[in-house]
Amino acid sequence: MQVQAFFSLKDFNTFGIDVRAEHFVVVRSVVELREALAHPAHPKLILGGGSNVLLRGDVKGLVIHNQIGGITVGEEDAYTVSVAAGGGENWHGLVQWCIERGYGGIENLSLIPGTVGAAPIQNIGAYGVELRDVFERLEAIDLQTGATRSFLAEDCVFGYRDSIFKRALKGRYCISRVHLRLTKRAVVNTSYGAIREQLAAQQIMEPGIREVSEAVMAIRRAKLPDPADLGNAGSFFKNPELDPERFERLRDRCPEVPHYLLATGRVKVPAAWLIEQCGWKGKRFGQVGSHARQALVLVNYGGASGSDLYELSQSIAASVEARFGIALSAEVNLW
Ligand code: EPU
């Protein structure tokens, strides 16, 4: 374990923002993590894949890059299997590992950038599936005491791109291992229109988990810029959820507004649509902009600062608020 001083985080965040950590260390095991926690620098911040964070300036204290690895199979029955993965494992690597073994449940979450440990924090979701649908439990290390604590699904208080780790327990834990309950006789979820269209275009009538994964990857590659080519962190804002009266007022003004009814009775409206209506889609301002194929994705064309991106996001949110009276909230974590 080697602590480095004034370490550039450029290669450790998918926006590619060049800021420095006062101290930086990679940990590959819980033992190393506890060693890092004994370092005097304060505060301690856990960084996973850096795919959902906007770094707005140099970072004080010790940045701990979680690379705790390992994927293992736990108890199984005729239909299901428990799979555990280290918090530092690459999420898509875990998805592929499961598909190769015929374990279903996370194929719709193919190609989401980031690590296994970050997945429950965000309750990652895509194409009709969320992490909480397959979540069993996790182990996390208390950053103050080094103690291990186990969290069941109900302890995590999962919501839309939300969990207790973004709220009451923000910055308190490092997620060291996540256990998922997957199926051995998978029933695939093709409820999302784009998946159905993709499979139909390929004339796949009875898709298995591999075909669904491939369809999801094709859709993502067509719409979302690859951070290796263009700095970004996926959706910058959450899709706002409106109460029915509020939604009806919006629909009176804009009958064409896309929307999804939620089980709660609220109505989800795509933030991408609101942003596009305000004229931001595909527009570039210096080194930052809104992506041409997905308005909700803000991009760094190279050399942008975190403040450049933050200011763009603020201007976008202000114009959506002014035009529609809807407050957008950031989906990415702001450091
Ligand atoms: N739309 C526009 N303009 C655009 C893009 C989309 O008007 O530029 C409208 C269209 O009506 C489209 C609708 O928005 O039908 C939804 O678009 P899309 O299917 O691309 O999904 P999204 O709501 O923008 C969400 C997640 C994504 C996830 C996709 C697929 C959030 C904040 N984002 O995006 O997650 O991949 O659904 O399930 O919920 C992420 O979290 O970083 C992320 C990429």
Inside segment 265-282, the number of residues satisfying the requirement of being of a type in the set (Lys, Arg) and either touching an Asp or Glu at 6+ places or on another chain (Cβ under 6 Å) or away from the ligand (no atom under 12 Å from the Cβ) (or both) is 2
For segment 156-189, how many residues meet the condition of being assigned to a strand (DSSP E or B), open to solvent by 20 Å² or more (accessible area, probe 1.4 Å) and among the hydrophobic types (A, V, I, L, M, F, W, C)?
0
Long-range neighbours under 7 Å by Cβ, at least six apart or interchain, first residue among the hydroxyl-bearing types (Ser, Thr, Tyr) within segment 188-217, second open to solvent by less than 40 Å² (accessible area, probe 1.4 Å) and not in a loop (DSSP other than H, G, I, E, B)
Thr190/Leu199; Thr190/Val212; Ser213/Val95; Ser213/Ile99; Ser213/Glu107
Going through segment 1-21 one residue at a time, which ones are open to solvent by less than 70 Å² (accessible area, probe 1.4 Å) and of a type in the set (D, E, K, R)?
none
If I filter segment 120-133 for residues that are over 12 Å from the mean Cα position of the chain (by Cα) and either open to solvent by less than 10 Å² (accessible area, probe 1.4 Å) or closer than 30 Å to Leu37 by Cβ (or both), do I get at least one hit?
yes
For segment 25-58, how many residues meet the condition of being open to solvent by less than 10 Å² (accessible area, probe 1.4 Å) and not in a strand (DSSP E or B)?
4
Which number in (1) in contact (Cβ under 8 Å) with a residue 60 or more places away in the chain; (2) within 22 Å of the chain's Cα centre (by Cα) marks the one condition that Pro270 misses?
(1)
Pull up segment 220-246, narrow it to residues that are charged (D, E, K, R) and open to solvent by 50 Å² or more (accessible area, probe 1.4 Å), then point me to the one that is nearest to the ligand (Cβ to nearest atom).
Lys223
Unique match (being in contact with a Gly (Cβ under 8 Å, 6 or more places away or on another chain), open to solvent by less than 10 Å² (accessible area, probe 1.4 Å) and at pLDDT 95 or above) among Leu274, Leu250, Leu298
Leu298
Among the residues of segment 197-212, write down those that are assigned to a helix (DSSP H, G or I) and among the acidic types (Asp, Glu).
Glu197, Glu211
Residues being closer than 16 Å to Gly159 by Cβ and surrounded by 13 or more Cβ atoms within 10 Å (Cβ to Cβ): count how many of those fall in segment 253-267.
1
Return yes or no: is Ser213 open to solvent by 20 Å² or more (accessible area, probe 1.4 Å), within 16 Å of the ligand (Cβ to nearest atom) and of a type in the set (Ser, Thr, Tyr)?
no
Which condition does Ile68 not pass, out of (1) part of a loop (DSSP other than H, G, I, E, B); (2) open to solvent by less than 30 Å² (accessible area, probe 1.4 Å); (3) under 23 Å from Gly231 (Cα atoms), if it passes all the others?
(3)
In segment 255-291, what residues are charged (D, E, K, R) and not in a loop (DSSP other than H, G, I, E, B)?
Lys268, Glu276, Arg284
Could you identify the single residue in Leu45, Leu94, Leu111, Leu62 that is touching a Gly at 6+ places or on another chain (Cβ under 8 Å) and not polar (S, T, N, Q)?
Leu45
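The values are calculated or read from the model by the stated rules, or taken from the named source; none is laboratory data. For clarity, every value in this text was computed on a predicted model and none was experimentally measured. Ideal geometry is used to build each Cβ from the backbone, glycine not excepted, and the neighbour counts take in all protein chains shown. The area values use the complete protein model at the heavy-atom level, side chains included, leaving out ligands, DNA and RNA. Shrake-Rupley method; radii C 1.70, N 1.55, O 1.52, S 1.80 Å.
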